[in-house]
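Colleague: First the structure, then my questions, so here it is.
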Amino acid sequence: MKKMEHKECMSALMPVRDTLDIIGGKWKILILISVWEGNKHFREIERSIPNLSTKVLSKELKDMEVNQLITRTVINGFPIRTEYKPTEYSKTLKKVIRELQLWGINHRKKIFET
């Protein structure tokens, strides 16, 4: 394999960096999985992920909405409810996240069962 030039290397790395900026961090993938699994209200999502604070969940949901991974709908009534749903666009990440999950399973076996 020939050595990449700086420009080629950057063009290969930028899409990965962009992806990690959108789904990286401690909580975003877990929140996305929770929403994919049918948790659509704030408290349902919060309860489904241990140690996730209300403040962090609120921030992450806003970021995910901006990046079109979820939609937020306010439902009028008493009490007013907010519903979060995954977008079709977010579902394009399922294959990527499944590969991360498989890699993690294999890594745990390699590290902890050796």
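The values are calculated or read from the model by the stated rules, or taken from the named source; none is laboratory data. Given the structure is predicted, the values throughout are model-derived calculations rather than measurements. Positions of Cβ are generated from backbone atoms using ideal geometry, with glycine treated the same way; all protein chains shown enter the neighbour counts. Ligands, DNA and RNA are stripped out before the accessible areas are found, and what is left, the full protein with its side chains, is counted by its heavy atoms. Shrake-Rupley method; radii C 1.70, N 1.55, O 1.52, S 1.80 Å.
Colleague: With the structure loaded, tell me whether Gly24 is of a type outside the set (D, E, K, R), at pLDDT below 95 and open to solvent by less than 70 Å² (accessible area, probe 1.4 Å) or whether it fails that test.
Modeller: When the stated conditions are applied, Gly24 passes them.
Colleague: Can you tell me how many residues in segment 1-54 are among the charged types (D, E, K, R), farther than 22 Å from Val96 by Cα and assigned to a helix (DSSP H, G or I)?
Modeller: Adding up the residues that qualify gives 6.
Colleague: Looking at Glu5, is it free of Cβ contacts under 8 Å to residues at least 60 places away in the same chain, in contact with a strand residue (DSSP E or B) (Cβ under 7 Å, 6 or more places away or on another chain) and open to solvent by 50 Å² or more (accessible area, probe 1.4 Å)?
Modeller: no
Colleague: Can you pull out the residues in segment 88-99 that are farther than 12 Å from Ile23 by Cβ and of a type in the set (Lys, Arg)?
Modeller: Scanning segment 88-99 gives Lys91, Lys95, Arg98.
Colleague: Would you confirm whether any residue within segment 69-84 is modelled with pLDDT of 95 or more, aromatic (Phe, Trp, Tyr) and outside any helix (DSSP H, G or I)?
Modeller: Yes: segment 69-84 contains one or more residues that are modelled with pLDDT of 95 or more, aromatic (Phe, Trp, Tyr) and outside any helix (DSSP H, G or I).
Colleague: Please work out which residue is farthest from Trp36 (Cα to Cα), limiting yourself to segment 67-103 and to residues that are of a type in the set (A, V, I, L, M) and within 13 Å of the chain's Cα centre (by Cα).
Modeller: Leu100
Colleague: Among the residues of segment 88-114, count how many are open to solvent by less than 70 Å² (accessible area, probe 1.4 Å), out of contact with any helix residue (DSSP H, G or I) (no Cβ under 8 Å at 6 or more places or on another chain) and not in a helix (DSSP H, G or I).
Modeller: Going through segment 88-114 one residue at a time, the tally reaches 0.
Colleague: Additional query: Just checking, how many residues over segment 60-87 are open to solvent by 100 Å² or more (accessible area, probe 1.4 Å), under 14 Å from Ile22 (Cβ atoms) and not β-branched (Val, Ile, Thr)?
Modeller: 2
Colleague: Still on this structure, please answer the following. Can you tell me which condition Ile49 does not meet? The list is (1) in contact (Cβ under 8 Å) with a residue 12 or more places away in the chain; (2) out of contact with any Leu (no Cβ under 6 Å at 6 or more places or on another chain), and all the others hold.
Modeller: Result: Ile49 passes all but (2).
Colleague: Where the second residue is among the aliphatic types (A, V, I, L, M) and outside any helix (DSSP H, G or I) and the first is under 18 Å from Lys91 (Cα atoms) and lies in segment 11-25, which pairs have Cβ atoms under 6 Å and are six or more apart or on separate chains?
Modeller: none
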